[in-house]
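Coordinate-derived values only; no laboratory data. Because the structure is predicted, anything quoted here is derived from the model rather than measured. Neighbour counts run over all protein chains shown; Cβ positions are idealised from the backbone, glycine included.
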Amino acid sequence: MRPTRFLSIAALCAALSVVAVARASGQKVLPNTAGGWTNVAEPQVVPDATFESIANEYGLVSIERAEFRRGADSFAADLYKMKDASGAYGLYSYMQQPEMRRANFTDHSAISSDRALVLIGNFVLDLQIHAPAAESRTVDALVAAISAKAETGALPILGSYLPMQHRVEYSDRYVEGPRALDRLFPENLGDSVGFNRSAEAEVAHYRIGGRDETLLIIGLPTDQLAAAQLSELQKNFNVNGAGSSNAAPLYAKRSARLLAVVAGATSQADANALLDQVQMDTERSWSEPVPKHEPPIELMIEGSIVGALFICVFALVAGLSFGGVRLLVKRVAPGKIFDRKEDLQVLQLGLGSKPINSDDFYGYSGPTGGPPTVVDKNLPDRVALRIFR
């Protein structure tokens, strides 16, 4: 086969595989009917460029859009497929609005007067529907249809480190990229928090003393990376009084592999009211000395002596117990349990001057009082071992 023909066939196979993957990723997930509503249209998806760039940071795979109708009424449904459940959770938190409240469609769902937002595995369902609480049967039907094709996975836990006191309800947002962070946190820190080092972030708003303060928690893989990232922030921004003095002040603190940054505080003391509440369960730092808890030498010597005495006493008690029981049994039942003549065998090594008697190498376990048993000493398994003459 010519090389050019081979390359053409390879290119054709690659193109067909790309088309197959594209079709598989573009398969419909939204059902044709749901709760009396009918899917009548699939409008062309033209997402906002800014929103699409942010959704790509969370791992956007595809967008499916549909219009459902029931008589003269209609509502739109947007379904975002993400690379995993973690990215879907991030997009879901980013899309939440302040007027939304918790719903019961799934563990993570929210509603307002004209909108419903539902997290379903690696999917985010956005419904522009009037009074979604009243249309719960419709939303449940959509959730059931999407759940059959959703991929579940572990969700981020960084939000569990956010303090609860004074937090504005439903203001927490999970962030996986610089564009989303710049939209949610002031001073444009997006490119300086370590997303290129596998960092993740969580943002929330707090009302303290009539002020709005924004808390940013950055999670990095190791303590060393967190310490290096804090130093970089202090060089490039007005963090803890260091760096650029023209920018708005920021206050930061490191706790193990977490960085906490506060914007909107008037002083370090005000910022510490939030920063001091951000603590990891275990504090570790490569720059801190390792504490030593060795006992004093006197206690170690005393323990060694006590341990040796305990072993000696145990050996003495065990020896006396074993020997005492054996002597007691021999006195109560002589020749019946220990040292029975019919089972006694003697092995002579001939180390002394007494000549070896080959009959001593064979034992007899038959009944007593009967005729003597003749032992054939010429059999291979009856040959007596004579070590010395």
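Dividing the alpha-carbon Rg of segment 25-147 by 2.2 N^0.38 Å yields what?
Rg over 2.2 N^0.38 Å, computed on Cα atoms: 0.98.
Which of the peptides 125-135, 310-320 is most tightly packed, and how do the rest follow, going by the mean number of other Cβ atoms within 10 Å of each residue?
125-135, 310-320
When the dipole is taken about the Cα centre of segment 158-275, and only Lys, Arg (+1) and Asp, Glu (-1) are charged at their Cβ, what size is it in debye, to the nearest 20?
Computed charge dipole of segment 158-275: roughly 120 debye.
Taking the Cα centre of segment 59-174 as origin, work out the dipole magnitude from +1 charges on Lys and Arg Cβ and -1 charges on Asp and Glu Cβ, in debye rounded to 20.
60
Can you sort HIS166, HIS108 by how many other beta carbons sit within 10 Å, fewest first?
HIS166, HIS108
How long, wide and thick is segment 140-203, going by the Cα atoms along their three principal axes, in whole angstroms, largest first?
Extents along the principal axes: 43, 32, 19 Å.
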